[in-house]
């Protein structure tokens, strides 16, 4: 009786274990065959007008400005203007102490007077030498003077002629010295070269300044025409090739956040501006100048600004959201009888042994499946990108989430469309 109970107990235990194993196997089999469904949002491919924009940052500067530096050394003895003053062309801005240059001028005048007096005496001696030579020459021809007397008179004439030419050169040299002294004296007075505003005045009365004859010289002041302003911005080397002189731009100045200024590209730099040279953080930019067409009197040089330069506009083109386009490596077709695993075939290898470039693709939602479509892209704005080949207007494009488009979706993936707009918190940087 006890043995029968033990046998029945073992039967229940082993039966329960067998049933548990069977349930686990069924769950594994059914779970392994469960289809992966990706939740997505979609939008229609539509025809739009797209304007390609290059964004750059920089500073506001006057189109016309002059940085004035002295050409002579000395102390500032007169400074009738201050920073912010309006000045006219030719107006006196400052005066450097002229005493030493006045003395140099007077000295040059005295030396010129002496040289001119000596020239007059030499000219008189030349006249006498010419007369004496003519008399001796006439007597020599009549054989009333010796050959030696004739040669002496001839030599004397040539010597006096040489003295006269030398003295004329001396007079010219002293005249140049006087001219230089007058110019240096004139340079002690600094006048405005243009009509404008004094935007910088780093010097003060009685300050001693250095001229720019052999060095850069002291920065005296800056005069600028504030009626013509431009944005000087730095553009990345990859974007500068998209910009042309004459392109329109919208300039936003930090001090005037509620207003945008219309501008036009007036100049594109040819010299690169490099930072972090020789490091991984090396950046190469080019300077672009944007002339402001509607400046106001409150704009000041040096203000920070952002410029949106419109480089190209295309009308009525097929467009999709930027985040809908992703890059995938192409998979080559295998010949019949050829075998290989997925990892070996995931990257197409060209004849030179290098992997090919990835293709731009979009995913189209059709009958609950994601269909990968290879496309060619054109220009883009901040939201949409042009599709030049591979897609027609009206196609239902998968537009989000970005995680699904960039990593999860493959050709044939089952999708469940939740809405026409992707989650606002979803984005390329997430």
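Go ahead and run the numbers for FRET between residue 256 and residue 315, Cβ-Cβ distance against an R0 of 25 Å, rounding to 0.05. Spell out each step's value before the answer.
Numbers: r = 31 Å, r/R0 = 1.25.
Efficiency for this residue pair is about 0.20.
The alpha carbon centroids of the stretch 65-133 and the stretch 217-268 are separated by 43 Å. From the largest down, the stretch 98-187 spans 67, 13, 13 angstrom on the principal axes of its Cα atoms.
Once R0 is set to 56 Å, what does the formula 1/(1 + (r/R0)^6) return for the Cβ-Cβ distance between residue 132 and residue 212, expressed as a FRET efficiency to the nearest 0.05?
On the way: r = 55 Å, r/R0 = 0.99.
About 0.50, to the nearest 0.05.
Can you put 136, 253 in order, fewest other beta carbons within 10 Å first?
On the way: 136 21, 253 24.
Neighbour counts put them in this order, fewest first: 136, 253.
For the pair residue 48 and residue 306 in one chain, pulling the backbone fully straight at 0.36 nm per residue adds 90.3 nm over the alpha carbon distance.
Among 282, 393, the order by Cβ neighbours within 10 angstrom, fewest to most, reads 282, 393. Using the Cβ-Cβ distance between residue 146 and residue 179 with R0 set to 45 Å, the FRET efficiency works out to roughly 0.35. Annotation: for a label point projected 7 angstrom from Cα along Cα→Cβ of residue 236, residues of the stretch 293-319 with backbone N closer than 18 Å are 306-312. The distance separating the Cα centre of the stretch 269-313 from that of the stretch 182-209 comes to 31 Å. Under the simplified labelling scheme, the residue 85-residue 123 pair shows an inter-label distance of 4.8 nm, with each label point 7 Å from Cα along Cα→Cβ.
For the residues 229, 329, what sequence is obtained by ranking on other C-beta atoms within 10 Å, fewest first?
329, 229
Since every read-out is calculated from the coordinates, none of them should be taken as a lab result. The shown structure was predicted, so the numbers you read here are calculated from the model rather than taken from an experiment. For neighbour counting, all protein chains shown are included, and Cβ atoms are generated from backbone atoms with ideal geometry for every residue, glycine included.
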